[in-house]
Amino acid sequence: MMNFRCFSAILLGAAASLSFSSCSNSSVVSLDYVPQPGLMVRGNPDFAVGEFKDKRGEKAQVLGHVRLPIGPSVDTIQTRLPVRDVVRNAFAYALEERGMLATEVKGRFILTGEIQDLRSQLLVHPYGYARIRVNVVDAASGRVVFTKVYEGERQSNAYRPGSGSPVPLLRDLTSRALQDCVDRALDDTRMRQQIGTSVDSRPRYTPGML
């Protein structure tokens, strides 16, 4: 059973196949997070998660569009929750999997940021991309003690019209792009050294998804 860890609700509206007609559809997807115990860098529970502002210039729940090379979009891919909540939940779950999510009301640090880009896209190649500025804020002073932009990018082979709906593939690519972005931020050695947070190298083999 899935709980707050969900980026958004389960895949609701993905069609079994995509008809490239003049009609425009809308598909609602979830994004998942797959922990990688051997690769994640564990730490102490020093972090809470604050606001991630959506600066993409898109509607709050739109991830992207499936388009023909020429013409209007034939499918719009959306999340049930606003993208800002999807990203916030992604960081919360990733911190929890590393043992870094504060167990008290407040942690020593608060993660905030700006979502500069997060999208699913299909022209010829299915594509997922994420770019997020992550700020580490000292909870006591409110001062930003570290800030950096992180990116994640995934692409697949060219899509063949008539081979079925590309929406599940786009969902997976965007999930992995967002996860790459989140993992790079939380496992950034420079960030951890700069703020002086501890590292716990003990492995934790807990499978899971968001």
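The values are calculated or read from the model by the stated rules, or taken from the named source; none is laboratory data. Just so you know, these numbers come straight off a predicted model, no measurement behind them. Cβ coordinates were reconstructed from backbone atoms using ideal geometry, including for glycine residues, and neighbour counts include every protein chain displayed. Side chains included, ligands, DNA and RNA excluded: accessible areas come from the protein's heavy atoms. Shrake-Rupley method; radii C 1.70, N 1.55, O 1.52, S 1.80 Å.
Numerical summary
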{"quantity": "Top-ranked residue in the range 144-172 [being hydroxyl-bearing (Ser, Thr, Tyr) and either under 15 Å from the mean Cα position of the chain (by Cα) or not in a strand (DSSP E or B) (or both); ranked as modelled with the highest pLDDT]", "calculated": "TYR150"}
{"quantity": "Among the candidates GLY50, GLY57, residue that is on the phi > 0 side of the Ramachandran plot, of a type outside the set (S, T, N, Q) and at pLDDT 95 or above", "calculated": "GLY57"}
{"quantity": "Any hit, the range 78-89, residues being part of a strand (DSSP E or B) and closer than 23 Å to PRO126 by Cα", "calculated": "yes"}
{"quantity": "Some residue of the range 173-183 being at pLDDT 95 or above, touching a helix residue (DSSP H, G or I) at 6+ places or on another chain (Cβ under 8 Å) and assigned to a strand (DSSP E or B)", "calculated": "no"}
{"quantity": "Residues located in the range 103-116, provided they are modelled with pLDDT of 95 or more and either closer than 18 Å to VAL66 by Cβ or among the small types (Gly, Ala, Ser) (or both)", "calculated": "GLY113"}
{"quantity": "Conditions (1) part of a helix (DSSP H, G or I); (2) under 16 Å from THR79 (Cβ atoms): number failed by ARG190", "calculated": "(2)"}
{"quantity": "Residue count for the range 28-58, restricted to those that are surrounded by 15 or more Cβ atoms within 10 Å (Cβ to Cβ), hydrophobic (A, V, I, L, M, F, W, C) and assigned to a loop (DSSP other than H, G, I, E, B)", "calculated": "3"}
{"quantity": "Selection count where residues are open to solvent by 30 Å² or more (accessible area, probe 1.4 Å), in a strand (DSSP E or B) and of a type in the set (A, V, I, L, M), scope the range 105-143", "calculated": "1"}
